[in-house]
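Below: the structure, in structure tokens.
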Amino acid sequence: MHIAQKSYRALLVLLVIAMAGMALVSCGPSETPTEEPTAVEEEEPTEAPATEEPAPEEERFTIGVSNGFVGSEWRTQMIQNMEEVNQTYMEQGLTDELIIESADVDVQGQIQQIQNLMNRGVDAIIINPNDQNALNSVIQEAVDAGIVVISIDQEVSSEAALNVVTNQKQWAMISTRWLMDQLGGSGDIVLIEGVVGHPANEARMAGVEEVLADYPDVEVVGRDTGNWDQATGQQVMSDFLASLPNIDGVWTQDGMAEGALRAVRTADPDEWPVMVGEARAGYLQLWQEVKQERPDFTSIGVINPPGQGVSGMRVAIEMLQGREVADEALRGEFGNSLYLPIPGVVTEENFEEVYQEYEDRPASYTLDGWITQEQAVQLMEGEIMAEDLMEDLPYTGEEEEAEGPETPTVEASFTPPEQDTADEISAVLPAADEVEGAPFTIGVSNGFVGSEWRTQMVQDLQEANQAYMELGLTNELIIESADVDVQGQIQQIQNLMNQGADAIIINPNDQNALNSVIQEAVDAGIVVIAVDQEVSSDVILNVVTNQKEWAKISARWLVDQLGGAGDVVLIEGVVGHPANEARMAGVEEVFSEYPDIEVVGRNTGNWDQATGQQVMSDFLASLPNIDGVWTQDGMAEGALRAIRTADPDEWPVSTGEARAGFLQLWDEVKQERPDFTSIGVVNPPGQGVSGLRVAMELLTGSQVDEAQLEGEFGNTLYVPIPGVVTEENFQEVYEMYDDAAASYTLDGWISQEEAHAFMQ
């Protein structure tokens, strides 16, 4: 990578090494004022050297760039880097001028950017995406047209795109580990995050939370968004300092770090909190000023390189010339990412050295880095991984003992639910004649019907509503339920608004894309509740089970059964769907603690039993050893049927599900193999009922106790996971459901009294 040295101790020292046929320029300042740190005349392993005659015009590649956010110097630097490096490709006859679409746009605007680039005949498109999922259709359209599509800076879920990115989660974990080290593993901290819902921010916050989970004596006493803006970050920090009696540490990111430090410097509390910083020239300059006043001040800056755009170009050039990416090189939650090395870290140990390189730089300049063309080839072929280029970086976790934690035991328990009676509800809620607006009309928006789980959710809601109707509190439910995309679900919600709904229960298709219509509904005085998965809108209330924790229960059980070691395969649900992504994050968090667990296969079963069975059959046919299987929902029954059919010499340990059909198959298999065991964690369709209970509290005048709000967006009431089935209680639970329809999911919901306990 173009960093000043690979050694952490000598990070970012200016190097200019003259070599035959190659010159490397580091991320230190250039002697030529017009140059940013860039590669000039790099050795290209697969194309003609720059000294040859340029290729004919028609053989040159045209590369397009789609950038949907321009309110950031980081993005400006990203584009400048790409333009400068492209000059070398142009000199070599490989490319034409870049075609750049760069403006502040929403998702629809970025879709238009990409379509514009397609219409202009580009051969490759480098995208810095505004959304993880919403661009998938236009990405597929581009790839179908023969265009190479590379996503940089953040990962997208489309299997047609290649993500060429730094690992944002790992990036955040470095500074979080440093903060824990500085605090001695205990204290009160505040978090100032970026744009809530943005893929990069969510990955970073997941990394922060993963590290903090190992420190029970660290308490997060404040969390707010600074929207990646220095002034906003400064105001948020000022508010924290004014309202919180004690702050021992501050974790933040990017330009907000400078704002937060300025707020602390202005307030000048008796005890300054330990501050996470950033690797920008302006922050380094402020760090130096503060050190003159407070010699013991220290901080950290982890480089988040705008040069990711250049790295994406390097890979695109290789793909345009026919090089393929090896399967073993792909990583990430979607299995479509080439991770780039993080170029460097600035701490007290090397601060003075790095500061001297950047003391005269513009404050907005971000310390930078990108891969060479040779490294692009090595990464694509799986010869090296990003970590191989980061061996000298501190706080990556590699220096810690790789001892897996003691696996907690999984407690088996389940009690079948019962609907509240009218009498039980009336003991909590006021009578209809005491409530303005009663009876209320409740709407339901469900955008996916290819699942018996969703059918059961709607049936549960209809049954629970009977008691409210009996009390005169509600009318018949208005239900919009169909297989629709995001635009279709927006239409569902608008239909419910037009039909006069007082509250809308949504099982959302996307975490972010419904926010505008949700805002529209709330502005119209409608209570909006999301169930089953969390959405990012700050005007909605999520009433859900914690999908991440749900998945961690069975992942811990699997690790326990395997003794912390073995080859496992993962069969996930609909890639990009909020519930699936939260679950897979939970699985990855558990597995990350066990270095002897290796994921040897991962594919999607799309929450479909037949697809899950086919995926498992393919795994069994292609992989020489499978010790364990982690999957979810209806796919678990399909996976077990595939194992039973193949009947390998050694059956893998497999997670199951809490559906009647799986319990019935479990019993059949136990007759053949008495030592067979599995686990089913209840994922209740009754979450819809829980959402209805909370909606009725709000419609009848109660207010949510904000101290009970949790989740990554701070707008979530987590309802209990109703139960777990293991070998310990299998027989008891099986006898309850041995005659039930195979599609029936073990269920649960909160009572009205429990919903009321969430209120002030």
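About its Cα centre, how strong a charge dipole does the range 678-760 have in debye, to the nearest 20, once Lys and Arg get +1 and Asp and Glu get -1 at the Cβ? Show your work: numbers first, answer last.
Details: 1 positive and 14 negative charges, 70 e Å.
It comes to approximately 340 debye.
Counting only residues 5 or more places away or on other chains, whose amide H sits under 5 Å from the amide H of VAL149 once H atoms are built in the peptide plane?
Residues meeting the amide H criterion: ILE125, LEU162.
Would you calculate a helix-derived [θ] at 222 nm for the chain, using -39,500 (n - 2.57) for each DSSP H run of n ≥ 4 and dividing by the full residue count, to the nearest 500? It would help to have the intermediate numbers written out before the result.
Numbers: 23 runs with 280 residues, N = 760.
Calculated mean residue ellipticity at 222 nm is -11500 deg cm²/dmol.
Compute the helix-to-body angle for 256-267: its Cα long axis versus the longest principal axis of the chain, expressed 0 to 90° and rounded to tens.
The two axes meet at around 90 degrees.
Counting only residues 5 or more places away or on other chains, whose amide H sits under 5 Å from the amide H of THR474 once H atoms are built in the peptide plane?
PHE440, MET469
Explain nothing, just compute: Karplus ³J(HN,Hα) = 6.51 cos²θ - 1.76 cosθ + 1.60, θ = phi - 60°, for every residue of the range 436-453 in order, whole Hz, x for Gly and Pro.
5, x, 6, x, 8, 9, 9, x, 10, 10, 10, x, 8, 10, x, 8, 5, 4
Is the range 589-644 best put as rounded, prolate or oblate by its Cα gyration tensor, with a ≥ b ≥ c the root eigenvalues, rounded for a/c under 1.5, and otherwise prolate when a/b is larger than b/c, oblate when not? Working shown, then result.
Values: a/c = 2.30, a/b = 1.47, b/c = 1.57.
It comes out oblate by the Cα gyration axes.
If you average the C-alpha positions of the range 455-525 and of the range 219-263 separately, how far apart do those two centres end up, in angstrom?
Distance between centres, Cα-based: 37 Å.
Need one word for the chain: rounded, prolate or oblate. Basis is the Cα gyration tensor (sqrt eigenvalues a ≥ b ≥ c); a/c below 1.5 gives rounded, then a/b vs b/c decides.
Values: a/c = 1.72, a/b = 1.45, b/c = 1.18.
Since a/c reaches 1.5 and a/b is larger than b/c, the shape of the chain is classed as prolate.
Which one of LEU179, TRP74, THR611 is farthest out on the positive end of the charge dipole of the chain, using unit charges on Cβ (Lys, Arg +1; Asp, Glu -1) and the Cα centre as origin?
Of the options given, the answer is TRP74.
How high is the FRET efficiency between ASN119 and GLN80 when r is their beta carbon distance and R₀ equals 22 Å, given to the nearest 0.05? Can you show the working numbers first?
Details: r = 25 Å, r/R0 = 1.15.
Efficiency at R0 = 22 Å is approximately 0.30.
Please report, in debye to the nearest 20, how large the charge dipole of the range 181-244 is about its Cα centre when each Lys and Arg carries +1 at its beta carbon and each Asp and Glu carries -1 there. If you can, show how the numbers build up before the last one.
Values: 2 positive and 12 negative charges, 41 e Å.
Dipole magnitude for the range 181-244 comes out near 200 debye.
Evaluate the distance, in nm, between pseudo-label points positioned 7 Å from the Cα of GLU735 and of GLU349 along their respective Cα→Cβ axes.
Rounded to a tenth, the inter-label distance reads 6.2 nm.
To the nearest 10 degrees, how steep is helix 168-183 against the longest Cα principal axis of the chain, on a 0 to 90 scale?
90 degrees
Using a probe of 1.4 angstrom, how much of the accessible area of the range 577-715 is carbon and sulfur, in percent? Can you show the working numbers first?
Values: 2030 of 4890 Å².
Taking all protein chains in place, the range 577-715 shows 42 percent carbon and sulfur surface.
Counting only trypsin sites (Lys or Arg not before Pro) that are in a DSSP loop and have at most 12 other C-beta atoms within 10 Å, tell me the longest site-free stretch of the chain. Display every interim value, and only then the final one.
Working: sites that count: ARG9, ARG120.
Result, exposed sites excluded: 121-760.
Would you kindly derive the ³J(HN,Hα) couplings of the range 199-206 from the backbone phi angles with the Karplus curve 6.51 cos²θ - 1.76 cosθ + 1.60 (θ = phi - 60°), listing them in order in whole Hz, with x for Gly and Pro?
Whole-Hz 3J(HN,Hα) from phi for the range 199-206: x, 5, 5, 5, 5, 4, 5, 5.
Roughly how many Å² of ASP268 are accessible to a 1.4 Å probe, to the nearest 10?
Answer for ASP268: close to 90 Å² accessible.
Name the residues whose placed amide hydrogens come within less than 5 Å of the amide hydrogen of ILE100, ignoring near sequence neighbours (fewer than 5 apart) on the same chain.
Result for ILE100 returns VAL65.
Residue farthest toward the positive end of the dipole of the chain, with Cβ of Lys/Arg at +1 and Asp/Glu at -1: which of ALA740, TYR718, ILE63?
ILE63
Report the label-to-label distance for GLN671 and THR266 in nanometres (one decimal), using points 7 Å from each Cα along the Cα→Cβ vector.
Placing both labels 7 Å beyond Cα along the Cβ direction yields 7.4 nm.
Quick one: what are the phi-derived ³J(HN,Hα) couplings along the range 139-156, Karplus 6.51/-1.76/1.60 with θ = phi - 60°, whole Hz, x for glycine and proline?
My calculation for the range 139-156 gives 4, 4, 4, 5, 5, 4, 8, x, 9, 6, 10, 10, 9, 10, 6, 8, 8, 10 Hz in order.
Please work out the FRET efficiency for the pair GLU381 and GLN614, using the Cβ-Cβ distance as r and a Förster radius of 22 Å; give the result to the nearest 0.05. Spell out each step's value before the answer.
Details: r = 30 Å, r/R0 = 1.34.
The computed FRET efficiency comes out at 0.15.
Expected output is a single nm value to one decimal: the length gained when fully extending between GLN235 and ASP144, i.e. 0.36 nm times separation in residues minus the C-alpha distance. What is it? Provide the component values of the computation, followed by the final result.
Details: separation 91, 0.36 × 91 = 32.76 nm, distance 4.66 nm.
Taking GLN235 through ASP144 to full extension adds about 28.1 nm, to one decimal.
Between THR700, ASN546, SER337, whose Cα lies farthest towards the positive end of the dipole of the chain when Lys and Arg beta carbons carry +1 and Asp and Glu beta carbons carry -1, centred on the Cα centre?
Farthest towards the positive pole: THR700.
I'd like the orientation of helix 230-243 relative to the chain: the angle between its Cα long axis and the longest Cα principal axis, in ° from 0 to 90, rounded to 10.
The two axes meet at around 50 degrees.
May I ask you to derive the relative contact order of the chain, considering only C-alpha pairs under 8 Å and at least 6 residues apart, and to give it as an integer percent?
On the way: 1623 pairs, mean separation 79.4, N = 760.
In percent, rounded to a whole number, it is 10.
In the range 103-259, what percent of the accessible surface is made up of carbon and sulfur (1.4 Å probe, ligands and nucleic acids excluded)? Walk me through the numbers before you get to the answer.
Numbers: 2250 of 5340 Å².
Here it works out to 42 percent.
If you roll a 1.4 Å probe over the heavy atoms of the protein chains, what accessible area per residue do you get for the chain, in Å²?
Details: 29570 Å² over 760 residues.
Here the residues of the chain average 39 Å² of exposed surface.
Along the Cα→Cβ direction, 7 angstrom out, place labels at GLU727 and VAL70. What is the inter-label distance in nm?
Distance between label points: 6.4 nm.
Can you tell me the FRET efficiency between ARG294 and GLU328 if r is taken as the Cβ-Cβ distance and R0 is 35 Å, rounded to the nearest 0.05?
On the way: r = 49 Å, r/R0 = 1.39.
With a Förster radius of 35 Å, E is 0.10.
Could you state the number of Å between the C-alpha centres of the range 612-665 and the range 745-760?
Between the Cα centres of the range 745-760 and the range 612-665 lies a distance of 34 Å.
Is there a quick way to get the dipole size of the chain? I mean about its Cα centre, with the Cβ of Lys and Arg at +1 and of Asp and Glu at -1; what is the value in debye to the nearest 20? All intermediate terms of the calculation are to be shown ahead of the outcome.
Values: 30 positive and 137 negative charges, 182 e Å.
Dipole size: approximately 880 debye.
The values are calculated or read from the model by the stated rules, or taken from the named source; none is laboratory data. What you see is a predicted model, and the numbers here were worked out from it, not measured in a lab. Using ideal geometry, Cβ is built from the backbone for each residue, glycine included, and neighbour counts are taken over all protein chains shown. Heavy atoms of the whole protein, side chains included, go into the accessibility calculation; ligands, DNA and RNA do not. Shrake-Rupley method; radii C 1.70, N 1.55, O 1.52, S 1.80 Å.
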